[in-house]
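The values are calculated or read from the model by the stated rules, or taken from the named source; none is laboratory data. All values reported here derive from a predicted model rather than from experimental measurement. For neighbour counting, all protein chains shown are included, and Cβ atoms are generated from backbone atoms with ideal geometry for every residue, glycine included. These accessible areas exclude ligands, DNA and RNA; they are computed on the full protein's heavy atoms, side chains included. Shrake-Rupley method; radii C 1.70, N 1.55, O 1.52, S 1.80 Å.
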Amino acid sequence: MAQVANILIAIGGVPRIDSKETVPSYPTVGLPGNVLPNLTVTLEKLTLQHVYKVFMGIEVPHNESVTDNTTGEQIAENTIGQFYDSIAQCVTSLGNGIFNKSTANKQIQWPWPTKIGRVFIVTDVSSAVKGIQEIKEQGEGASPYDPTQGDTSSLAHFYKFEEIVCQKHLVKTIHGSYAYDGADIPFDESGVWPMKDSPSSKDIPPENNCYTEAKAFHSAFRALLRNIQDVFSGHLDGDTGMMSSITIMESMAVHARKLMWTKINPHDESSCGPVWDYEWTTPPAGAKNQ
């Protein structure tokens, strides 16, 4: 997100983070920019099927990774990687004239070690394309044939999710290919909280067990959006603003855990979950609990 913001700032734009039009509601179908238009994204308790369908579905490469466990088939829909390839092509076609180098001091610097990724200051076509390539590498990987290729020491998100689904680490075989045949990654279904699917404020009346913590989580979420917006708009120092954003995220995690520990009602095994609605909508009086 920081890298995309830097590219937008470099051409005179202002990222829109704290916006009703930007924040999705769940479930949602398709991603912005006509990316994966048939993918349904839901918020659910963790299952292997959910990781496979949603998490891997979001990060899937256009040419599916070729390992001993996969077929390498081509994905028909527009993927995130293709979306960023199109942006790179547009940037290259338009040339260096679209960039304003005076915006460099307004862009986000990455205050953490490079092993978890890099954020480039964008001043020209070359730095913009490097940033786009970094985004692609972190999501779908640098190569469909070598999952370890790239500038970071960590596997791309797609391969990490596939390790969870296969319940095995990805390793290089004696034949030089890659397979999910490494050490076990056990999945303990009993350790997953039974969260209600896609929690929403419109389903939580004030008398509901979830209300107080869900409202606190939502307030922190909106504070996070405002804080990140101020950083990307230049109203907060980048390093200080990003660190304060992380502090807010940590407080959200506390509220989220409390929600997960709370049953919706004594007669339901489902637990509460965090509310990601942009606006809190209180249901009408007399509405049923979740």
> If you check every pair at least six apart or on different chains, which have Cβ atoms under 6 Å apart with a residue in the range 103-122 that is open to solvent by less than 90 Å² (accessible area, probe 1.4 Å) first and a residue that is part of a helix (DSSP H, G or I) and at pLDDT below 80 second?
Replying inline: ILE108/GLY238; PRO111/ASP239; GLY117/GLN138
>> Can you go through GLN138, GLN89, GLN167 and tell me which one is at pLDDT below 90 and open to solvent by 40 Å² or more (accessible area, probe 1.4 Å)?
In response: GLN138
>> For the range 171-201, give me each residue that is open to solvent by 60 Å² or more (accessible area, probe 1.4 Å) and aliphatic (A, V, I, L, M).
In response: ILE174, ALA183
>> Just to be sure I understand, how many residues within the range 202-214 are surrounded by fewer than 19 Cβ atoms within 10 Å (Cβ to Cβ) and in contact (Cβ under 8 Å) with a residue 60 or more places away in the chain?
In response: 4
>> For HIS267, only one of the following conditions fails: (1) over 20 Å from the mean Cα position of the chain (by Cα); (2) in contact (Cβ under 8 Å) with a residue 40 or more places away in the chain; (3) closer than 18 Å to ASP197 by Cα; (4) open to solvent by 40 Å² or more (accessible area, probe 1.4 Å). What is its number?
In response: (2)
> Quick check, is ILE17 crowded, with 19+ Cβ neighbours inside 10 Å and not polar (S, T, N, Q)?
Replying inline: yes
